[in-house]
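The values are calculated or read from the model by the stated rules, or taken from the named source; none is laboratory data. Model, not experiment: these values are computed from the prediction. Neighbour counts run over all protein chains shown; Cβ positions are idealised from the backbone, glycine included.
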Amino acid sequence: MARFSFGRHGLSGLVAALLIFLPTIAAAQLPCAARDEIVGEITQRFKEAPEATGVTPQGMLLEVFVSEARSWTILLTTPQGLSCIAAVGENWEREFHKPEVGF
């Protein structure tokens with residue numbers, strides 16, 4: 001099984017890439033709807049629960065939902081309430097460590 005690591009700054013790079021491509025994501029007809037609708041689908045259909053959240057400098061809410069079966073979904077929500085599924089996958093792994101100084 002392939003294992004991916006975001007490294008020290010990789011997750012912030014992923015977030016930056018997602019933000020750059022959000023207009024493209026929405027234009028590509030990926031799943032976008034009101035946040036409550038998408039979260040309801042994620043939690044009921046895939047049994048995923050919130051794992052992590054953050055707010056971008058542009059005011060967008062980034063959420064990661066993960067199931068006990070290790071499926072995952074990354075959801076981006078605009079300040080106006082439009083949510084788009086930015087990525088989905090399997091084999092989510094939790095890594096617990098303290099951030100390095102200056103991170």
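Within region 43-51, is even one residue crowded, with 17+ Cβ neighbours inside 10 Å and modelled with pLDDT of 95 or more? Working first, answer last.
Of all residues in region 43-51, those crowded, with 17+ Cβ neighbours inside 10 Å come to 48.
Keeping just the survivors that are modelled with pLDDT of 95 or more gives 48.
Yes, region 43-51 contains at least one residue that is crowded, with 17+ Cβ neighbours inside 10 Å and modelled with pLDDT of 95 or more.
Which residues, taken from region 75-88, are within 12 Å of the chain's Cα centre (by Cα) and either among the acidic types (Asp, Glu) or surrounded by fewer than 19 Cβ atoms within 10 Å (Cβ to Cβ) (or both)? Even if it seems obvious, please write down each step before you answer.
Residues of region 75-88 within 12 Å of the chain's Cα centre (by Cα): 75-77, 83-88.
Listed by number, the residues that qualify are 85, 87, 88.
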**Request:** Tell me which of these residue 101 doesn't satisfy, since it passes every other one: (1) buried (at least 16 other Cβ atoms within 10 Å of the Cβ); (2) in a loop (DSSP other than H, G, I, E, B); (3) of a type in the set (A, V, I, L, M, F, W, C).
**Result:** (1)
**Prompt:** Of all residues in region 63-87, how many are part of a strand (DSSP E or B) and either more than 16 Å from residue 40 (Cα to Cα) or of a type in the set (Phe, Trp, Tyr) (or both)?
**Reply:** 4
**Asked** When residues of region 56-76 are filtered for being modelled with pLDDT under 95 and of a type in the set (Ser, Thr, Tyr), how many remain?
**Response** 1
